[in-house]
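Following: one structure in structure tokens, then a few remarks.
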Amino acid sequence: MHRATDRSSLRRDTVLFLVCVTLSVGALLTPTRWTLAFANTIRETAFLPLVLLQQRAEEGRTSRGRLREAMAQRDSAALAAQSVTGLRVENERLRLLLGLSTRQAGSFVPAEVLHQSMPTDGRTLLLSAGSRAGVSAYQPVVAPEGLVGVVSRVGPTSSIANSWAHPEFRVSAVTADGAVLGIVAPSASTDPSLNVLEFRGVAYRDTVPDGTLVLTSGLGGVYPRGIPIGQVKGVRREELGWERVYRLIPMVNPGIVSHVLLLTSPADTSAPAVLSDSLP
Amino acid sequence: MARRGAWPLWFVLGVLTLLHFYLRPRVYTGQGAPDFLLLALLILSIRSRPGTAAVAGFVVGLVADVLSPARFGAGMLAHTLVAYGAAWGRAVFFADNLLVNAGVFFVGTWMRNFLVLLLSGFAAEAVFGSVTLWFTLQAITTALAGVLVVLAIRHRVDFRLEE
């Protein structure tokens, strides 16, 4: 009798295990756009209390540090603002002389990064702002130091961003002096100290010295021009004598960034003033 | 020690969930921080039947996949396998020893991270390279947190530790 009960329990365990495995494998094989929509729905309904709890904790952790930082930035901004009026008038006069239209002002939505304990955290980031705050897909995500990634999925109160570490991440880039154009993409590294990007598509005749700052070029219509991406650190490889691929040390580590800005301004404008301070 | 009732275990699991979503982001969210949710799953798994553990693993994996969707389904499969393995391991060869429990927490966390990276399509060089360092560190911190939790609840929940 006991043996029959044991056998029945064993069979039930195996069935439950196989059902769970089948459902998991099914989820793995389902197209990404369906699974992301499904995840979005659950995150905004059943798991919303967990997201809000984590958001509250994150705000509590960073609020004191951010207040000090904000006060320091406010003091610097107040000092810099003294010369802004004159520069703005001069800029408008010059644009008028050149026949250019009025410069559009950039805007942004601030958000907390809600880090998870999974090893894939940093590749995708859960952000505490959603469509209710004005966030939409393909908006660039930046930190004061530079580019973090791009928004991939948006819910009413939260959104998912793909960071520069995501394998699908690509951005059109240019060196700070505007001389060399290329494409920046993530690169896997076995060196624990180097989680890096690649600056690809640089013509063999062009040489980019170490330490050169690489910015977004504004081409492609997603990222505005002038957002710092990283600094060149050596040649990673050469492709058959016609292209050099440079190693790029990113300006931002998505694994530890806690507060980001989502740029809501049109893509044809340059980076907002908050980023121009980080330029050399 | 005799088991005094099932509620303390659920209470412990609830507290661990709260630690994961409130204390952890408040203190430190770096890659080496302990994973309290996985710890709760492993504690539950080594006290449950393999089928129950697999279902619990699936649910915890769903939470992980929804909140960090690098590859939807990877977390579910990894947590299901780890929880089922922990439940079977306990039934087959695990002694009721604090050190063995710490070992289960370490191996469980390490295997979960390894499986998630592998199923998420990370390049082999990344899985065996820089990332390994971080998830080994997380396995160590989770095991240490697990030992503290087991010591704290040993008189409330039936862990039958060797005296």
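The values are calculated or read from the model by the stated rules, or taken from the named source; none is laboratory data. Since this is a predicted model, take the numbers as computed values, not measurements. Here the Cβ positions follow ideal geometry from the backbone for every residue, glycine too, while neighbour counts run over all protein chains shown.
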Among the candidates A:T207, A:T157, single out the residue that is modelled with pLDDT under 90, in a loop (DSSP other than H, G, I, E, B) and closer than 30 Å to A:T41 by Cβ. A:T157
Given the conditions (1) surrounded by fewer than 15 Cβ atoms within 10 Å (Cβ to Cβ); (2) part of a loop (DSSP other than H, G, I, E, B); (3) within 16 Å of the chain's Cα centre (by Cα), which single one is not true for A:A129? (1)
Among the residues of segment A:217-224, are any within 14 Å of chain B (Cβ to nearest Cβ) and at pLDDT below 90? no
Across segment B:54-90, what is the total count of residues that are among the small types (G, A, S) and farther than 18 Å from A:L114 by Cα? 11
Could we say that A:S63 is among the polar types (S, T, N, Q) and away from chain B (no Cβ under 14 Å) here? no
From the option list A:A57, A:A27, A:A72, A:A39, single residue qualifying as assigned to a helix (DSSP H, G or I) and over 30 Å from B:V116 (Cα atoms) is A:A72
Of the residues that make up segment B:43-63, is at least one at the interface with chain A (Cβ under 8 Å from one of its Cβ atoms) and over 16 Å from B:Y84 (Cβ atoms)? yes
Just the residues that are facing chain B (nearest Cβ under 7 Å) and of a type in the set (F, W, Y), please, taken from segment A:23-57. A:F47
So, in segment A:1-22, how many residues would count as being facing chain B (nearest Cβ under 7 Å) and either at pLDDT 90 or above or buried (at least 17 other Cβ atoms within 10 Å of the Cβ) (or both)? 6
